[in-house]
Amino acid sequence: MTESVPAGEPEIVVVADPSAASEAAARRIASALAEAATNRGRADWLTTGGSTPTGIYRRLAVAPLRDAVPWDRVHLWWGDDRFVPRDHPLSNVMPVDQVLLGVAAYSGQSGSGESGIDIATGVRPGAPIPIANVHAMPIAKAIGEGYGPALAAARYDGELRALAATGGLDVASGFPVFDLVLLGLGPDGHLLSVFPGSPIWDAEAWVIDVPAPTHVEPHVARITLHPSVLGVARRILVVAHGAAKAEVLATILGPGRDARRWPAQAARRAGAAWILDAAAAARLAS
Ligand code: 6PG
């Protein structure tokens, strides 16, 4: 399969600090989801892992942004996840459960009202995405039933293809079209769980299992979407902050292009926005 080659340049938005980056990203996400829900009747959002999304989720979970999105029409998918239980600290689903959806406030632990959004206060916490619209990779199920990442990846692939077959997702150049893809940037220039030099580009599948990387943490097996989904996504948002990302960003947004060597360049395209804080943007050519 030929990968879709990214073309054009993204919008680069530089803001003061991580908090401003989360704020800017959350606003754009709210607006992209509302727009897709209006245009298509549903909004399919492929989200990311790592530490970056937590501040973004926190803003989407409360007014005013919480009230700006028709959450019942939002479908949440994961671009990648680690092969750990859903409530494990390394899970890419856990921040969604805890921060975006605020599920703890609905649980048997609820009742103290400590957080101010606790259900006991009468205020429904979190973004009200129907549980049937939260499409976590079936990793908890795989662990519970004793099968591995390859079968879990195949099942997620099947879920996406079944939706595409009934018209819920468009397919372009052989890949599913998400309304919005949120991405973080790895210190080695990876995104999704597509690492430099990964053979995944040649895969036919939409969803692929990835052996535990040894060069970046955490050293756990992953499941990832094919990076070619980035070539066909309606909108892409890359968010990165901190000085540790400055050097790799200078390379990724620099003169050369080779997405197999620098996977994050798959998101370097027209129609994408990269939201960086000043520390991360410090080495970019002005
Ligand atoms: C994962 C990812 C990965 C992540 C980046 C950035 O490892 O599961 O989804 O691509 O987004 O490594 O991580 P931080 O947000 O922690 O910097």
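The values are calculated or read from the model by the stated rules, or taken from the named source; none is laboratory data. Source: prediction; values computed, not measured. Virtual Cβ from ideal backbone geometry, glycine too; neighbours counted across all protein chains shown. Only protein heavy atoms, including side chains, enter the accessible area calculation; ligands, DNA and RNA are left aside. Shrake-Rupley method; radii C 1.70, N 1.55, O 1.52, S 1.80 Å.
Residues of region 28-51 that are at pLDDT 95 or above and within 16 Å of the ligand (Cβ to nearest atom): I29, W45, L46, T47, T48.
Within region 215-247, the set of residues being in a loop (DSSP other than H, G, I, E, B), open to solvent by 10 Å² or more (accessible area, probe 1.4 Å) and either within 14 Å of the ligand (Cβ to nearest atom) or in contact with a Cys (Cβ under 9 Å, 6 or more places away or on another chain) (or both) comprises H215, V216, E217, P218, H219, V220, A221, H241, G242.
Within region 173-184, residues that are touching a residue at least 24 places away in the same chain (Cβ under 8 Å) and on the phi < 0 side of the Ramachandran plot have Cβ atoms under 6 Å from residues that are within 11 Å of the ligand (Cβ to nearest atom) and open to solvent by 10 Å² or more (accessible area, probe 1.4 Å) in these pairs: L182/T48; L183/T48; G184/T48; G184/G50; G184/T52, counting only partners at least 6 apart in sequence or on another chain.
Residues in region 48-69 that are open to solvent by less than 30 Å² (accessible area, probe 1.4 Å) and not hydrophobic (A, V, I, L, M, F, W, C): T48, G49, T52, P53, G55, Y57. Summed over region 142-191, the residues that are open to solvent by 40 Å² or more (accessible area, probe 1.4 Å) and outside any helix (DSSP H, G or I) give a count of 7. The numbered conditions (1) assigned to a helix (DSSP H, G or I); (2) surrounded by fewer than 24 Cβ atoms within 10 Å (Cβ to Cβ) are all true for R283 except (1).
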